[in-house]
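Right, one structure below, let's go through it.
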Amino acid sequence: AEKLGAMLLCASRAVPYDQLPLEGEGSHSESLSLYADSLFGKGEFQRALHFYKQATQRIKIGPHISGHRSPPNSSSPASSSSPSSPNYSSVQRPEEAELRFKESQCYHSLGEISKAIRCLEAVPLQLRNAAMNLSLGAMYMSTGTGSRLNAIKAYKEALRQNPTALEALSPLVNLGVGRRDLLDMMSSSANGPPPQWIESYIDGLGTLTAADNTQSIHHWSTLDNMFPNNLPSMLHLGLLHLDADRLDEAQYFFNKARVTDPSNLEMMDHYALLLHLRGDVAELNRLAHDLLCASEMRPEPWVALSLHAECQGDRDRALQYVDKAIDLGPSCVLGHLVKGEIMLKIGKPDLAIMSFFRAKENRKELRCYHGLVEAYLDASKFKEASVTAREAISNLPGNATAVALLGRVLATASTQHPDKDRARKLFAQALELDPRCVEATIGLVDLHLRNREFDQCVELLEAALQDQNQASLHAKLGDVLALQQRYSEALEHYHTAISLNPDIEEAKEGLERLEKRMRGIDPDHGEDEDGADMDPDHDLEGSMGMDGSGVRSEDQVIMAVGGEEYGGVMAGGDVRCVLGGG
């Protein structure tokens, strides 16, 4: 195409200037534009931009200029114009508007977002089509919160022009535009009212943003029934089940999506997260390879590579990959979440706070709040953790996990500012909202452990496990049973937790301590100097606590707040994994 375009360009140049049509078929501007299109397709964006600008300048000498036509001054090439030039804002015809759109795409591909925005802002509103408005809205979003009002205007205009421009619906819902406003806007379109199924699509997006999993699953299932095996519904259903820690159901829908479109990249970073949570390194490796083959310029493949490196314990490489993902997609929420989780694991809560905060700025979803609260707690910033948890409750009304998050903050900080009663009430309230809320169950268990109420802990955990087979619940039950010296049962639950989530540190640590204790080795001090095993009853009231178990007693377990000893059990510490997966 490039070679043919070059020949076409030379052919149009060979014709006397005053004999060429000014625009349309056979014009020099069309030859320039077609040649630039071929260069853009090859990824030569700077060269393409040069020829798009020449085509734009060629159109400017059109029939609206009176008198005889003279060729452009070769000493002042059109390519010297830029979005900041004084004459850059005069766009008068649709053909010129289309060329400005292509110039904007070149600037965007070159990473010059400000110039790309100015290119499209120079196009009058009446000459912008839906594609231009969608592009402008996306660029406004990428420049930060200050441009969000402009983004809303651009996306709304795109919907008015085309009610089926679904790409505009998701960002508008995320930006807080209500369901009724969206439907009214689409109904006022010149193309007539939107199809009936659009309402289910909007409802699905709205409940997804509000973290209302039950209703959201209902709406996306309705769409899946209307349009069997459609890719957006399968991907959203996979994501929703992943957020609800229903990993088997999530894998079912992600697998269906992969079969439907093996080259799809959308939401495949979340599928990579699912495989990471399940410890399926081989399948995660295959997925990362497939995604890289599809495109190296999207963030999803690099998030998958980062999670694969994390599975292998190579956190330096995991950070390199996730930084690449963020460079390619600054608004990639999961990229920021993965980086924040890695920073927490390597003991850098302040850097984790920055990553989780950026994730929350891009999308105010539960995982972002959860990660930010965990990072604040690790940094012993209890006030900031409390403010963030309350913001989550405000933005996600009626969400059980958000309520449990505030309970976790109060329970964790209770060693310095006792508020255990309020924390207990919040956990109970969360369980009323959602009896399957794992965070609330573990929070209540931790409070019972502080009072040595082991039977109540076992009862709560066994009841929760009847409804959901979660690794974090098995790990916590293993801790409680070990404290009761019910070692064989504790071993069984630790192994079950690790089989469900090979990356769960709480179960691994508890299992290691328990096995040492069962061999007669003090898990805090190892073997004695002579290498002989210790007496199983040695120093039960010392380092191992009154219970003599193979795990720390409730007066010795380290809380997950800066790694300090607070004389209490881990207040919700078993729910440390920000990215989910029990």
Given the pairs K348/K383; K153/K360; K360/K508; K256/K476; K425/K476, which span a C-alpha to C-alpha distance of over 24 angstrom in this model? K360/K508; K256/K476
In the stretch 405-495, taking the dipole from +1 charges on Lys and Arg beta carbons and -1 charges on Asp and Glu beta carbons about the Cα centre, the listed residue (Q468, H495, A423) farthest towards the positive end is A423
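Calculate the dipole size of the stretch 318-390 relative to its Cα centre from +1 charges on Lys and Arg beta carbons and -1 charges on Asp and Glu beta carbons; express the result in debye to the nearest 20.
The calculated dipole for the stretch 318-390 is roughly 160 debye.
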Hey, can you grab everything whose amide H is under 5 Å from the amide H of D522? Only 5+ residues off in sequence or another chain; H modelled, so Pro and N-termini drop out. M534
Please sort 504-517, 283-296, 397-410, 359-372 by packing, taking for each peptide the average over its residues of neighbouring beta carbons within 10 angstrom, highest first. 397-410, 359-372, 504-517, 283-296
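In whole percent, how big is the carbon plus sulfur part of the accessible area of the stretch 94-210, probe 1.4 Å, protein atoms only?
51 percent
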Can you pull the one-decimal nm distance between simple spin-label points at D316 and E296, each 7 Å off the Cα toward Cβ? 2.3 nm
Show me the ranking of peptides 423-436, 251-264 by mean Cβ neighbours inside 10 Å, starting with the highest. 423-436, 251-264
Translational diffusion coefficient of the stretch 334-485 at 20 °C, 1.002 mPa s, Stokes-Einstein with Kirkwood Rh over Cα pairs, in µm²/s as a whole number. 135 µm²/s
Dipole magnitude of the stretch 465-520 about its Cα centre, charges +1 at Lys/Arg Cβ and -1 at Asp/Glu Cβ only, in debye to the nearest 20? 280 debye
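The values are calculated or read from the model by the stated rules, or taken from the named source; none is laboratory data. Because the structure is predicted, anything quoted here is derived from the model rather than measured. Methodologically, a virtual Cβ is constructed for each residue, glycine included, from the backbone with ideal geometry; neighbour enumeration extends over all protein chains shown. The area values use the complete protein model at the heavy-atom level, side chains included, leaving out ligands, DNA and RNA. Shrake-Rupley method; radii C 1.70, N 1.55, O 1.52, S 1.80 Å.
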